[in-house]
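A short write-up of the structure that comes next.
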Amino acid sequence: MTAVATPVASGPRSALLRWLRWVALGAVTALAAVIAMVAVSGDGSDGAGERRQVAREAASYKKQLKPLTDTGANVVISGLKPGFTDIREERYPAPVLTGMTDAWISDLEAVRDGIRALEHRDVLGSTHNLYLRALDGYVRVAMTLREAVAASGEDRQALLGKAASLGRGADRTYDRAEDALARLVAPVDQENERR
């Protein structure tokens, strides 16, 4: 290989051109660094940063919600569902059954009020409202069962049927709330799995 001599310009004009090239190179490098930082942080126009922020807030909401939903689930699973059979088969005297239904109503209203008091961002509002609607449904189930205790014959059977229908509706609403919250929390769960 033979070396080819390249003339090197000298003088004020060439110094200015070299200086401008260095400034341009520095500006391009700085711009590339800023673009890379924005892309890595997820605060770009793709909304990834906002989704992660919503996911973190949803995870915090879920943590606050858990003791309340655990209490509500206990009332439904250990109280309402077996109590339905207790009422249908009149296993206990009416005053005992009425006392049971009153306790379920009180407990479920306390859970609902606790959920209502949870602070949340607007983006969590529809999920929050699903939990409230589910609890309203379970309270209506307990109230309908209390009415069934006082009724007899066909009226009792109709009220038990109504309570069962309300219960299925409340279960579906609760499941929708859980699914909606899981979707919101998913980015945080995925981030934790990567760690």
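The values are calculated or read from the model by the stated rules, or taken from the named source; none is laboratory data. Being a predicted model, the structure only gives us computed values, none of them experimental. Positions of Cβ are generated from backbone atoms using ideal geometry, with glycine treated the same way; all protein chains shown enter the neighbour counts.
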Would you be able to say whether some residue in segment 61-81 is more than 30 Å from R156 (Cβ to Cβ) and more than 16 Å from the chain's Cα centre (by Cα)? no
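Is it the case that R176 is at pLDDT 95 or above and over 25 Å from P93 (Cβ atoms)? Before the answer, list the steps.
On the way: at pLDDT 95 or above: yes; over 25 Å from P93 (Cβ atoms): yes.
So R176 fits the description; yes.
What is the residue count in segment 134-175 for residues that are assigned to a helix (DSSP H, G or I) and either of a type in the set (A, V, I, L, M, F, W, C) or not assigned by TED's automatic domain parsing to the domain that holds T98 (or both)?
Number of matching residues: 17.
So if I check each of I105, I77, I87, which one is among the hydrophobic types (A, V, I, L, M, F, W, C) and without any contact (Cβ under 8 Å) to a residue 12 or more places away in the chain? First the steps, then the outcome.
Values: I105 fails: without any contact (Cβ under 8 Å) to a residue 12 or more places away in the chain; I87 fails: without any contact (Cβ under 8 Å) to a residue 12 or more places away in the chain.
After ruling out the rest, the residue left standing is I77.
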Determine, yes or no, whether G99 is modelled with pLDDT of 95 or more and out of contact with any strand residue (DSSP E or B) (no Cβ under 6 Å at 6 or more places or on another chain). yes
Of (1) in a helix (DSSP H, G or I); (2) hydroxyl-bearing (S, T, Y); (3) closer than 27 Å to L160 by Cβ, T127 satisfies all except one. Which? (3)
